[in-house]
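A.B. asks: The structure that follows is given in the form of structure tokens.
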């Protein structure tokens, strides 16, 4: 009887540990969606400081090259030096009287980094079109990623690719190495 009770208890504990792992595992798809929808898109649209609650500020020993073209800029190291985020404002090359807000996340290329976000390639373009649509309906330039790596962009349906909100990723089937979100600051 004690053995049966022990086995039932061990089985229940095993199921509990499995459920905990499944419910608390954060995938790269989750990270990419979060970085886009909770940090970069709000920053570009409203100026709200991104990555304030996650990551860390780069230190003096971090080998990080930040863009010198950004004003009011910031940077964060994410996921234990796996990714680097950078944001700020830059002069609009097509209209020097206006500013752009820029937010980018890319692989850190540190010793322990991987090749980017490992993402599910099935339905990738539709899935991220939905993530990006929380800000503004943008249209992807392709329906699916069939080869790569390539530049993949989402732009306003009735706008030039260099106007308004736009999201560009460097992606291949199953992998995204970086993305940038750009929009008008004023």
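The values are calculated or read from the model by the stated rules, or taken from the named source; none is laboratory data. Bear in mind the structure is a predicted one, so any value in this text is a computation, not a measurement. Note: ideal-geometry Cβ built from the backbone for every residue, glycine included; neighbour counts use all protein chains shown.
A.B. asks: Residue 160 passes all but one of (1) crowded, with 19+ Cβ neighbours inside 10 Å; (2) at pLDDT below 90; which number fails?
C.D. replies: Among (1) crowded, with 19+ Cβ neighbours inside 10 Å; (2) at pLDDT below 90, the lone unmet condition for residue 160 is (1).
A.B. asks: When you look at residue 144, is it more than 22 Å from residue 84 (Cα to Cα) and either touching a residue at least 40 places away in the same chain (Cβ under 8 Å) or outside any strand (DSSP E or B) (or both), yes or no?
C.D. replies: yes
A.B. asks: Looking only at helices (runs of 4 or more DSSP H) that lie completely in the range 1-71, which have at least 2 residues being within 23 Å of residue 169 (Cα to Cα) and either touching a strand residue (DSSP E or B) at 6+ places or on another chain (Cβ under 9 Å) or modelled with pLDDT of 70 or more (or both)?
C.D. replies: 28-34, 41-46
A.B. asks: Determine which single condition residue 151 fails, assuming it passes every other condition in (1) part of a strand (DSSP E or B); (2) buried (at least 20 other Cβ atoms within 10 Å of the Cβ).
C.D. replies: Condition not satisfied by residue 151: (2).
A.B. asks: Here's a follow-up. Suppose the filter is buried (at least 16 other Cβ atoms within 10 Å of the Cβ) and out of contact with any strand residue (DSSP E or B) (no Cβ under 8 Å at 6 or more places or on another chain); does residue 135 pass it?
C.D. replies: In short, yes.
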